[in-house]
Each structure stands twice: as C-alpha cells, then as structure tokens.
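Colleague: Next up is a structure, given as structure tokens.
The values are calculated or read from the model by the stated rules, or taken from the named source; none is laboratory data. Quick caveat: nothing in here was measured; it's all calculated off a predicted structure. As a convention, Cβ positions derive from the backbone with ideal geometry for all residues, glycine included, and neighbour counts pool all protein chains shown.
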Amino acid sequence: MIWPQVGYGFVAAFIVLVVGDFASTFFYHVPQHLWFTLHLRTHHDRRRSYWDHAVLSKDPSVLLDGLLGALPYIIIAISLFPLSVGGALIGLALGQIHVWWRHTTELGWKTPRWFVTLSRQFSLVLPEDHDGHHRNPDIEFGDIFRFYDAPARALIAKLEPTSRRSRNAAVRRLRRLKRQPART
C-alpha cells in the first residue's frame, strides 16, 4: 500500500525540519554566538552580501559554516532512513530551499502579506525575519521555525557570563587596571 509510505515520508520530512532546526539552533547556532567566531565572521559580516554568503560563496570558511549548520539536519535525516528515505531527503531539500529563500531580502524580495499571515500560523522564519538576524545577531534565532527564538535567547542570556564577549570584556578590564598607576 502506498498511503502508509506517504504518511511515513511526511512524518520523516517533518521530523527532519523540526528536530533538525532544534538541533542546529541549540547545538550549533547558539554555541557559535556565545563561544566561537566562525559563524559570526562568515554569516554576520556586514561588509559582504549575505545572498552571496548563503548561495554563491566558494569561500571555505563560509562553506564550513554552512555544513556545520546543516550537519544536525543531515544526521537526523540519516537516522530516519529506516522510516522513509524519500521523506528524509524531502525534508533536507525543503530545508535547503528555505535557506535560499530566507536570504532573498537582499535581492528585493518582500513576502506577500497573505503569506506572512499564513506563515505566522506555522511559526515559519520569513526572509524579513532572517534579515533582522543579519542586522542584529542577538535576535531571530531558529533557521526554519520562529518558536526556537525565545528559548535560544533565554539560553544565551543565561550563558552570557561564559561567552567570548564577556571573557574579552574581562580581559580588557584587567588590562586597563594593570596600566593604571598604583594609588598610595
């Protein structure tokens, strides 16, 4: 029967998108914003086009950032092959199409109002949402779904004292203190 296979395929694609977005957000994106620089250098560099970054770039660091962000989706898709190879691959394809689409504001794309209304019902990240993340890296987390934004920001706020920014600020304060003459 074909209907159970279609159902399994739909479930597999859905899991790849929802669980993959969770894993990519919390195991790659949030840690990159807190402790590492690869993602910030490649994805939030305001000197370069982010359409180029997401779609056209051949820069090895940009490609590595994209691969590391996609790795959770790939691992989940592979784990779902026993359920539905086709569904897992469709989930990956839909995720990739979404990556390209969410970077289209730089090309002048404006999401039609009717689609904004519809997508908000499913918490989809729109190109305008992702553009907000490019402009302010501290907002609009989640690659595909917006419902990961608030938990991601809460986690970042909780872990901020351990972040690269906090560590660098502490080092700068210590350097300033060392340069100040001792008071007697």
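Colleague: For segment 55-151, please list each of the helices (runs of 4 or more DSSP H) lying entirely inside it that holds at least 2 residues being in contact (Cβ under 8 Å) with a residue 24 or more places away in the chain.
Modeller: 60-79, 85-102, 127-135
Colleague: From (1) charged (D, E, K, R); (2) surrounded by 14 or more Cβ atoms within 10 Å (Cβ to Cβ); (3) without any contact (Cβ under 8 Å) to a residue 40 or more places away in the chain, pick out the condition that doesn't hold for R179.
Modeller: (2)
Colleague: Kindly provide the set of residues from segment 103-142 that are modelled with pLDDT of 90 or more, closer than 24 Å to I156 by Cβ and among the polar types (S, T, N, Q), ordered by number.
Modeller: Scanning segment 103-142 gives a single hit, S123.
Colleague: For segment 11-27, which residues satisfy the criterion of being within 16 Å of A157 (Cα to Cα) and either modelled with pLDDT under 90 or of a type outside the set (A, V, I, L, M, F, W, C) (or both)?
Modeller: T25
Colleague: Determine if segment 157-174 includes at least one residue that is over 23 Å from R41 (Cβ atoms) and outside any helix (DSSP H, G or I).
Modeller: No, the conditions are met nowhere in segment 157-174.
Colleague: Let me ask something else. Pick from R146, R120, R167: which is within 17 Å of W101 (Cα to Cα), exposed (fewer than 13 other Cβ atoms within 10 Å of the Cβ) and either in contact with a strand residue (DSSP E or B) (Cβ under 9 Å, 6 or more places away or on another chain) or not aliphatic (A, V, I, L, M) (or both)?
Modeller: The match here is R120.
Colleague: For segment 103-110, does any single residue satisfy the condition of being in contact with a helix residue (DSSP H, G or I) (Cβ under 9 Å, 6 or more places away or on another chain) and under 18 Å from S24 (Cα atoms)?
Modeller: Checking segment 103-110: at least one residue is in contact with a helix residue (DSSP H, G or I) (Cβ under 9 Å, 6 or more places away or on another chain) and under 18 Å from S24 (Cα atoms).
Colleague: Please state which of the following conditions V55 fails to meet, knowing it meets all the rest: (1) of a type in the set (V, I, T); (2) over 18 Å from the mean Cα position of the chain (by Cα); (3) at pLDDT below 90.
Modeller: It fails just one condition, (2).
Colleague: Please work out which residue is surrounded by the most Cβ atoms within 10 Å (Cβ to Cβ), limiting yourself to segment 76-98 and to residues that are small (G, A, S) and closer than 22 Å to L126 by Cα.
Modeller: The qualifying residue surrounded by the most Cβ atoms within 10 Å (Cβ to Cβ) is G91.
Colleague: Please work out if R183 is basic (K, R), within 22 Å of the chain's Cα centre (by Cα), more than 30 Å from L94 (Cα to Cα) and modelled with pLDDT under 90.
Modeller: Judged against the criteria, R183 is not a match.
Colleague: Quick check, is A70 crowded, with 18+ Cβ neighbours inside 10 Å and within 20 Å of L40 (Cα to Cα)?
Modeller: Against the criterion (crowded, with 18+ Cβ neighbours inside 10 Å and within 20 Å of L40 (Cα to Cα)), A70 qualifies.
Colleague: Could I ask something else about it? Give me the pairs, please: first residue somewhere in segment 14-39 and of a type in the set (S, T, N, Q), second residue anywhere and buried (at least 17 other Cβ atoms within 10 Å of the Cβ) and part of a helix (DSSP H, G or I), beta-carbon distance under 7 Å, and either six or more positions apart or on two chains.
Modeller: Within 7 Å, the pairs are S24/G69; S24/P72; S24/Y73; T25/Y148; T25/A152; Q32/H39.
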